[in-house]
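Visitor: My questions all concern the structure below.
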Amino acid sequence: MGPCTAEKITEKVYWVGAIDWGVRDFHGYLTSRGSTYNAFLIIDEKITLIDTVKKQFKNEMLARISSVIPPEKIDYIISNHSEMDHTGCLTDMIDLAKPEKVFASSMGKKALGRHFHYDDDVITAVKNGENISLGESSITFVETRMLHWPDSMVTYLDTEKMMFSQDGFGMHLASTERYDDQLPPQVLLEETEKYFANILLPFSPMVSGLMKKLAELDLDIQLLCPDHGPIWRSDISGILQRWEKWALQKCSKKALVIYDTMWKSTGYLADAICDGLGSEGISARVMPLESSHRSDVATAVLDVGALIVGSPTINGQMFPRVADVLTYLKGLKPKNLIGAVFGSYGWSGEAVKDVEKYLEDMKIPLAAESLRVVYVPSDDDLVKARELGIAVGKELKEKCSE
Ligand code: FEO
């Protein structure tokens with residue numbers, strides 16, 4: 001079956017997932033450090049597989065399972081989340097193992113039925129709070145609807161004090177290390193923040209609800225096992241607190257200036273705006289879109305209180321990379337931001353209006369009048385750009401002090 005082997009996590013549980021060193025695009029998200037698809041094998045009277053992996057990694061998962069038991073011995077499969085990076089091998093595993101039961105949430109049963117066109121009796125739907133015995137241990141299911149799909153749920157294994165949290169508390173990070181304390185804290189912070197910003201941000205209210213629910217359940221979680229990235233064993237409270245904080249999207253005295261430019265005119269304005277923000281004591285970051293991926297912009301947005309967008313006009317509309325990033329950000333529904341718009345143009349200058357419309361749709365109020373400059377900015381234009389930065393900075397300080 002191959003050289004890959006399972007990694008023992010506890011007396012009863014093995015990691016049998018796959019490492020995707022090469023993936024760099026996950027639905028538009030730049031996964032610079034690759035990813036893992038974590039699957040877990042529980043050895044009890046009922047041998048249970050929790051989630052599977054992306055289809056092309058089937059042999060890697062099967063090799064890891066086979067290093068512990070023949071895959072045909074699996075009695076139960078639990079699908080915590082129907083997305084195909086975790087269910088890509090589900091049909092193969094059902095065909096191979098012929099498990100007694102395949103469990104999913106009620107929404108998961110529907111989603112899997114539609115993905116794989118299963119007959120109604122293939123998946124057993126479980127209810128929120130339902131508990132099933134595996135022998136010595138038992139599993140409790142907790143529904144986490146819209147985190148981040150309607151079907152999502154997490155499962156808790158009592159004897160091992162393990163929470164299998166599907167995408168929850170995960171990150172895209174390929175590594176041979178399986179635990180948080182084996183990896184550099186800065187890498188964990190960067191990748192969890194990026195994961196939250198790009199995947200969970202639209203569902204922030206549900207994240208806050210989940211945190212409340214977990215606190216009420218008062219589960220003793222010693223190992224928090226997401227479907228991507230390392231298992232949390234040393235800093236469980238840290239990752240929970242970070243999610244709680246990010247979900248709130250509190251006012252931040254930081255600003256982000258994003259822009260694209262053709263002959264640097266819009267770029268000069270961006271630099272002057274940044275200078276104005278700095279003069280107000282605002283921590284500002286400029287991201288030229290020529291060299292900034294949309295998913296890195298989304299991560300930066302999570303940390304700021306103001307989003308200032310610049311675009312030149314090309315062929316009567318905003319620049320393509322600006323449209324790309326704004327379309328992406330709009331879907332992520334960032335909250336509690338103020339904004340401003342600027343741009344250079346040659347003869348018609350529609351880009352500023354295009355960007356204003358996006359910010360309006362995103363419910364980002366403008367903190368200053370938009371700045372449009374014909375061709376190359378003059379010294380006066382640069383002063384106006386600096387004043388725009390100052391105006392946004394003042395507004396942001398006032399807003400954050402409320
Ligand atoms: Fe990792 Fe939503 O799938």
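Visitor: Taking the Cα atoms only, what angle lies between the long axis of helix 185-195 and the longest principal axis of the chain, rounded to 10 degrees?
Guide: For 185-195 against the chain, the angle is about 80 degrees.
Visitor: Another question, if that's okay. If you take every residue apart from residue 271 with its C-beta less than 11 Å away from the C-beta of residue 271, what net charge results, scoring Lys and Arg +1 and Asp and Glu -1?
Guide: Numbers: positive: 264, 386; negative: 275.
Around residue 271, the surrounding residues sum to +1.
Visitor: What translational D, rounded to a whole number of µm²/s, comes out for the chain from Stokes-Einstein when the hydrodynamic radius is the Kirkwood one over Cα pairs, at 20 °C and 1.002 mPa s? Each step should come with its number before you reach the end.
Guide: Numbers: Rh = 22.8 Å.
Roughly 94 µm²/s, to the nearest whole number.
Visitor: Let me ask something additional. Over segment 271-402, how many pairs of lysines fall under 12 Å by alpha carbon, counting only those 8 or more apart in sequence or from different chains?
Guide: On the way: 330/357; 330/363; 333/363; 335/363.
Here the count comes out as 4.
Visitor: With the crude spin-label approximation of a point 7 Å out along Cα→Cβ, what separation in nm comes out for residue 374 versus residue 264?
Guide: The answer from the label model is 2.3 nm.
Visitor: Counting only helical runs of four or more DSSP H residues, what would the 222 nm mean residue ellipticity of the chain come to if each run contributes -39,500 (n - 2.57) and the total is spread over all its residues? Intermediate results must be reported in sequence, preceding the final value.
Guide: On the way: 12 runs with 140 residues, N = 402.
When only DSSP H runs of four or more count, the value is -10500 deg cm²/dmol.
Visitor: How about segment 243-347: which trypsin sites (Lys or Arg not before Pro) there are in a DSSP loop, with at most 16 other Cβ atoms within 10 Å of their Cβ? Present the calculation step by step, with values, prior to reporting the outcome.
Guide: Working: sites: 245, 250, 253, 254, 264, 285, 294, 321, 330, 335; in loops: 250, 253, 264, 335.
Of the trypsin sites (Lys or Arg not before Pro), the ones in loops of segment 243-347 whose Cβ has at most 16 other Cβ atoms within 10 Å are 250, 264, 335.
Visitor: Another question, then. Using Cα atoms only, what is the angle between the long axis of helix 204-217 and the major principal axis of the chain, expressed in degrees (0 to 90) to the nearest 10?
Guide: Once rounded, one gets 40 degrees.
Visitor: In addition: Using the Karplus curve 6.51 cos²θ - 1.76 cosθ + 1.60 with θ = phi - 60°, what ³J(HN,Hα) values do you get for each residue of segment 4-10, in whole Hz, with x for Gly and Pro?
Guide: With the stated coefficients, segment 4-10 comes to 6, 10, 6, 10, 6, 9, 9 Hz.
Visitor: Please report, as a whole percent, how much of the solvent-accessible surface of the chain comes from carbon and sulfur atoms (probe radius 1.4 Å). Intermediate results must be reported in sequence, preceding the final value.
Guide: Working: 8680 of 16930 Å².
That fraction is 51 percent.
Visitor: What whole-number value in Å² describes the accessible area per residue of the chain for a 1.4 Å probe? If you can, show how the numbers build up before the last one.
Guide: Working: 16930 Å² over 402 residues.
Result: 42 Å² of accessible area for each residue.
Visitor: If you look at just the Cα atoms of segment 280-341, how large are its Rg and its Dmax in Å?
Guide: 11.9, 37
Visitor: Another one. In percent, what relative contact order does the chain have, based on Cα pairs under 8 Å that are 6 or more apart in sequence? Spell out each step's value before the answer.
Guide: Details: 873 pairs, mean separation 48.1, N = 402.
Computed value for the chain: 12 percent relative contact order.
Visitor: List the cysteines in the chain whose Cβ has no other cysteine Cβ under 4.7 Å from it.
Guide: Here 4, 89, 225, 274 come out as lacking a disulfide-compatible partner, given the Cβ-Cβ threshold of under 4.7 Å.
Visitor: Let me ask something else about it. Rounded to whole Hz and in sequence order, give me ³J(HN,Hα) for segment 366-377 from the Karplus expression 6.51 cos²θ - 1.76 cosθ + 1.60, θ = phi - 60°, writing x for Gly and Pro.
Guide: Per residue, the Karplus-derived 3J(HN,Hα) values read 7, 9, 7, 5, 5, 10, 10, 10, 7, 6, 8, x Hz.
The values are calculated or read from the model by the stated rules, or taken from the named source; none is laboratory data. Everything numeric here is computed off the predicted structure, so don't read it as measured data. Heads up, the Cβs are rebuilt from the backbone with ideal geometry, glycines too, and the neighbour counts pull from every protein chain shown. Note: accessible area is taken over every heavy atom of the protein model, side chains too, but ligands, DNA and RNA are not part of it. Shrake-Rupley method; radii C 1.70, N 1.55, O 1.52, S 1.80 Å.
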